[in-house]
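Scroll down for the structure; my scribbles are underneath it.
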Amino acid sequence: MGVSAPLLAAAGVVAAAVAMMVDGRRAVAITALFLAVGMAPTAATFGGAPGVAVLGVSGFGAVAFAWAGWAAGRRLPWVAGLDPSIPALAPSGQLFGPRSIRAFGAAVAVPIASWVSFNVPVGQVAAVQGLLFPTAYAWTCGVIRLLLARNVEDLAVGVTMVSLSTGTAWLLRSGTDSLAGAVLACALAPIAALIAGWLAGRSSRRRIAAIEADA
Amino acid sequence: MSPFVIAAVWVGLGFVAAALPRQRYARLVAIVPLAGAVLTLIAARSMSPAVPLGGLSAITGLDRAGQGLLVATGISMAFVVALQPAIDASIGRAIGVVGAAATLAMASGDPLVTAVVLTAAAGTLALRWIAQAPGRVTLAAGRVAGSGTAALIAASPFLPLTGFTTGVRPVVVAALLVAGVASLLAVYPFGGWAAGLLGSVRPLEVAPWLVLLVPVVLLLAERIPGSVLGDGVPLFEHVLLVIGLGSAAWGGYWAVRGSARARYGRIFMADVALCVAAVGGARVSPAVSGALIILLTHLTVAPLLLRAGDAELAWPRRVAWALLSGIPPSPSFWGRFLILEALAAGNIGSTVAAVFAMTAIFIATVIAASTRTVAAPRRRWQTRVPEVAAWLLVAVGIAIGLAPQSASGFVFGS
């Protein structure tokens with residue numbers, strides 16, 4: 001049975017679009033989950049069951065690590081630290097907000113990913129062309145998210161997107177070392193989730209302490 | 001000794017040092033880079049240099065130049081910590097992670113491993129800088145350096161290029177590599193983050209990037225075009241040549257005009273940009289020798305010039321500025337002379353841009369060296385240990401200037 005390229009592309013684009021728009025303390029976990037599911041058809045086509053397993057473990061691992069980091073951060077004594085969801089710079093008065101700019105970036109990423117997909121062959125054993133669109137799109141969106149980051153959470157989301165998209169690209173690459181490469185690339189997502197969760201846990205403890213002090 | 005063990009020691013000691021009681025034992029953080037340097041010295045040596053363009057493979061080991069560079073950076077970082085007037089022990093964590101990443105990057109011939117460890121280093125530093133001084137400038141470090149490492153990660157599935165040396169693929173790979181290298185080395189147009197950072201955080205916070213990370217990325221960048229990049233070589237070389245020279249001229253101009261606090265950082269960035277232009281763009285043998293001598297000079301004077309410009313160590317700092325000025329027989333003269341020789345072999349435009357940058361650096365060092373400071377009161381001999389260390393560094397700098405090729409050969413093996 002042939003691979004339906006539009007179906008693969010649609011799943012990846014939906015996942016990347018969600019990842020571009022998501023905000024808040026659970027943003028990294030949501031991003032990892034959506035991208036793991038969105039990239040799974042591509043991973044299944046080129047990496048088979050092990051490929052899906054790599055993405056699944058990375059996506060669900062990111063959720064578990066984010067929660068574990070958050071729980072650990074809340075239990076430790078509070079020290080002055082970084083709140084990952086608070087913007088590091090004051091927003092200037094502008095016509096479009098950060099989400100609108102991200103949406104524009106996601107639209108710009110479509111022709112870029114399309115060009116890469118149809119012009120850059122990937123693969124060691126046999127070059128594959130035209131099927132790179134979902135991964136190229138998710139990677140481009142990840143870099144745009146990094147460049148437009150306003151806080152640490154945004155940076156972690158960008159790293160997660162780059163990690164999972166590159167992991168999928170490694171599966172497309174085929175060859176003897178594709179699975180090992182995918183594992184290594186996808187390992188960044190749980191780490192980013194752990195750090196974001198840890199920082200969120202620590203800052204949530206500070207908020208609780210402040211509320212208790214006020215009461 | 002495997003590079004993995006050395007990296008583990010860097011990270012382990014870094015986390016232990018970060019837990020030291022504040023103030024009293026904070027200076028012991030210097031043990032972290034020193035231990036890393038000593039272990040690197042006894043590491044098993046690889047015969048072939050590691051170029052991160054191969055397939056996924058194990059860490060191959062440190063070659064002679066990589067080993068020498070890591071030892072020099074470790075010792076320099078230890079001096080930076082030892083000579084700082086005040087230290088926050090938690091910097092040990094960042095030093096440990098960046099040192100480990102530098103070791104693994106230098107030992108790896110695998111593009112993905114190199115990119116992932118550089119991401120870990122850049123991420124650690126960005127988090128630390130944002131925590132220290134939240135703002136647009138520190139966030140930019142995470143944005144730009146993070147995007148640079150993302151570009152390196154993205155290049156990894158397309159490598160090695162064996163069988164694909166023509167067409168679009170090598171060109172895209174070269175573009176991604178250029179973006180990654182330029183972002184991590186803070187070469188314009190990707191360099192604004194470092195320029196802003198120099199005035200926003202304390203010098204010790206910038207030191208792990210400046211002393212540990214930049215030399216490693218520069219050496220790796222020098223090795224890339226010589227390997228199989230196919231049709232991507234011209235793009236890689238020409239872009240690095242143009243942005244390197246532009247960055248050097250711009251950095252030199254701002255070293256003269258900018259604040260005294262950021263002056264050393266600006267000069268460092270301008271010199272690194274010159275090296276990038278020469279080793280990336282000129283690719284004739286004097287360029288590499290010149291870049292190595294310039295790196296060695298900065299590793300020697302950085303511990304002195306990364307201090308705030310206070311009255312202490314005024315004279316060693318003045319001599320250190322003179323060593324950076326480019327007046328013969330300072331080591332920077334030989335380094336820049338070799339770079340100029342390599343660039344002159346290319347075209348007149350490159351030479352003019354490089355001469356402009358070097359002149360600006362010279363003026364900036366003269367301004368810095370001639371700045372008056374209040375004489376420090378005489379103190380007991382126990383408190384003069386930093387002064388002795390400072391003069392030791394100055395003596396090393398003078399020795400490099402008197403025998404530049406021998407010093408370079410002693411450290412890098414070539």
**OP:** For chain B, build the charge dipole from Cβ charges (+1 Lys, Arg; -1 Asp, Glu) around the Cα centre, then report which of B:LEU245, B:PRO215, B:ALA368 sits farthest towards its positive end.
**Re:** B:ALA368
Subject >> Leading residue at positive end of dipole, chain B (Cβ point charges), from B:GLY14, B:PHE337, B:SER259 >> reply: B:SER259
**OP:** Please report, in debye to the nearest 20, how large the charge dipole of chain B is about its Cα centre when each Lys and Arg carries +1 at its beta carbon and each Asp and Glu carries -1 there.
**Re:** 1280 debye
Original post:
Using Cα pairs under 8 angstrom and six or more residues apart, how large is the relative contact order of chain B, in percent?
Top reply: 16 percent
Subject >> Carbon plus sulfur fraction of accessible area for segment B:229-414, probe 1.4 Å, in percent >> reply: 70 percent
**OP:** Would you be so kind as to identify which of B:VAL172, B:LEU104, B:VAL206 lies farthest towards the positive end of the dipole of segment B:1-227, taking Lys and Arg as +1 and Asp and Glu as -1 on Cβ and the Cα centre as origin?
**Re:** B:VAL206
Original post:
Averaged per residue, what accessible area in Å² does the protein assembly as shown show with a 1.4 Å probe, protein chains only?
Top reply: 38 Å²
Original post:
Computed on protein heavy atoms with a 1.4 Å probe, what is the summed buried accessible area for the chain pair A and B, in Å² to the nearest 100?
Top reply: 2800 Å²
**OP:** Work out the length of the dipole vector of segment B:1-227 about its Cα centre, built from +1 on the beta-carbon of each Lys and Arg and -1 on the beta-carbon of each Asp and Glu, and round it to the nearest 20 debye.
**Re:** 360 debye
Original post:
What accessible area, in Å² to the nearest ten, does a 1.4 Å probe give for B:GLU387?
Top reply: 40 Å²
**OP:** Go ahead and collect, in residue order, the members of segment B:236-250 whose backbone nitrogen is under 18 Å from a label point 7 Å along the Cα-Cβ direction of B:ILE367.
**Re:** B:247-250
Original post:
For labels at B:THR351 and B:ALA308 in the simple 7 Å Cα→Cβ model, what's the distance in nm?
Top reply: 4.6 nm
**OP:** Taking H placed 1.01 Å from N in the peptide plane, check which residues at least 5 places from A:VAL122 or on another chain put their amide H under 5 Å from its amide H.
**Re:** A:VAL128
**OP:** Pull out a ≥ b ≥ c, the square roots of the eigenvalues of the alpha-carbon gyration tensor of segment B:1-227, then state rounded if a/c is under 1.5, prolate if not and a/b is larger than b/c, and oblate in the remaining case.
**Re:** oblate
Subject >> Net charge of neighbours whose Cβ lies under 13 Å from the Cβ of B:VAL137, counting Lys and Arg as +1 and Asp and Glu as -1 >> reply: +1
Original post:
In whole Hz, what ³J(HN,Hα) sequence does segment B:30-41 give by Karplus (6.51, -1.76, 1.60; θ = phi - 60°), x for Gly and Pro?
Top reply: 4, 5, 4, x, 5, 5, x, 5, 5, 5, 5, 5
Subject >> ³J(HN,Hα), Karplus 6.51/-1.76/1.60, whole Hz, each residue of segment A:15-30, x for Gly, Pro >> reply: 4, 5, 5, 4, 4, 5, 8, 5, 9, x, 5, 9, 4, 5, 5, 5
**OP:** Give the calculated FRET efficiency between B:LEU392 and B:MET1 to the nearest 0.05, with a Förster radius of 35 Å applied to their Cβ-Cβ distance.
**Re:** 0.80
**OP:** Would you calculate a helix-derived [θ] at 222 nm for the protein assembly as shown, using -39,500 (n - 2.57) for each DSSP H run of n ≥ 4 and dividing by the full residue count, to the nearest 500?
**Re:** -23500 deg cm²/dmol
Subject >> Net charge of Cβ neighbours under 13 Å - reference B:TRP254; Lys, Arg +1; Asp, Glu -1 >> reply: +4
**OP:** Taking H placed 1.01 Å from N in the peptide plane, check which residues at least 5 places from B:LEU62 or on another chain put their amide H under 5 Å from its amide H.
**Re:** B:SER46
Subject >> Spin-label model distance (nm) - A:ALA53 vs B:ALA260, 7 Å beyond Cα toward Cβ >> reply: 6.4 nm
Subject >> Assigned charges on the beta-carbon of Lys, Arg, Asp, Glu; segment B:229-414 dipole about Cα centre (debye) >> reply: 920 debye
Subject >> FRET efficiency, A:VAL37 to A:ALA180 (Cβ-Cβ, R0 22 Å, nearest 0.05) >> reply: 0.45
Original post:
Just the accessible area for A:PHE118, please: 1.4 Å probe, Å², rounded to the nearest 10?
Top reply: 130 Å²
Subject >> Integer Hz, Karplus 6.51/-1.76/1.60 couplings in order for segment B:404-409, x for Gly and Pro >> reply: x, 5, 5, 5, 5, x
Original post:
Among residues other than B:PRO203 whose Cβ falls under 9 Å from its Cβ, what is the net charge (Lys/Arg +1, Asp/Glu -1)?
Top reply: +2
**OP:** Might you work out the accessible area of B:HIS238 for me, using a 1.4 Å probe with all protein chains in place, and round it to the nearest 10 Å²?
**Re:** 110 Å²
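The values are calculated or read from the model by the stated rules, or taken from the named source; none is laboratory data. Nothing here was measured: the structure is a model prediction, and the numbers come from that model. Every residue, glycine among them, receives a Cβ derived from its backbone with ideal geometry; neighbour counts consider all protein chains shown. When the accessible area is computed, the model is the full protein with side chains, heavy atoms only, and any ligands, DNA or RNA have been set aside. Shrake-Rupley method; radii C 1.70, N 1.55, O 1.52, S 1.80 Å.
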